[in-house]
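For reference, the structure is listed below as structure tokens.
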Amino acid sequence: ENGHIRIYAEKNHEFARIAIEDDGVGFSDEVYEKVIVRNEPHASPGTNNENGSGLGLFIVRDLLSQYNCKFEVKSKSGSGTTFNLLIPFNPS
């Protein structure tokens with residue numbers, strides 16, 4: 001509630017990067033390891049105490065990998081999350 005979502009985009013000769021940053025509840029290193037690294041479901045409360053399972057992260061990461069894109073997540077519990085989508089860039 002009353003939070004912000006910021007979206008940035010940039011490109012260089014190697015890739016285009018889209019960064020999506022929020023100031024929501026974030027998540028701990030333990031949750032990162034479970035959901036992002038090990039692909040295990042994890043229920044956790046969101047900003048309004050709604051339950052989240054991490055399923056959206058699975059779907060996004062799987063779709064991006066089909067196109068040789070990379071997906072990076074940086075988060076800190078209580079301080080929000082930044083998602084980086086790295087898309088190979090070939091000017092030709």
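Bear in mind that the values in this text are calculations on the coordinates, not laboratory data. Note that the structure is a prediction, hence the values are computed from the model and not measured.
Cross-link partners of Lys34 among lysines, defined as those whose alpha carbon lies under 26 angstrom from its own and excluding same-chain residues fewer than eight positions apart: Lys70, Lys74, Lys76. Potential lengthening of the chain between Gln66 and Ile20 amounts to 14.5 nm, from the contour at 0.36 nm per residue minus the alpha-carbon distance.
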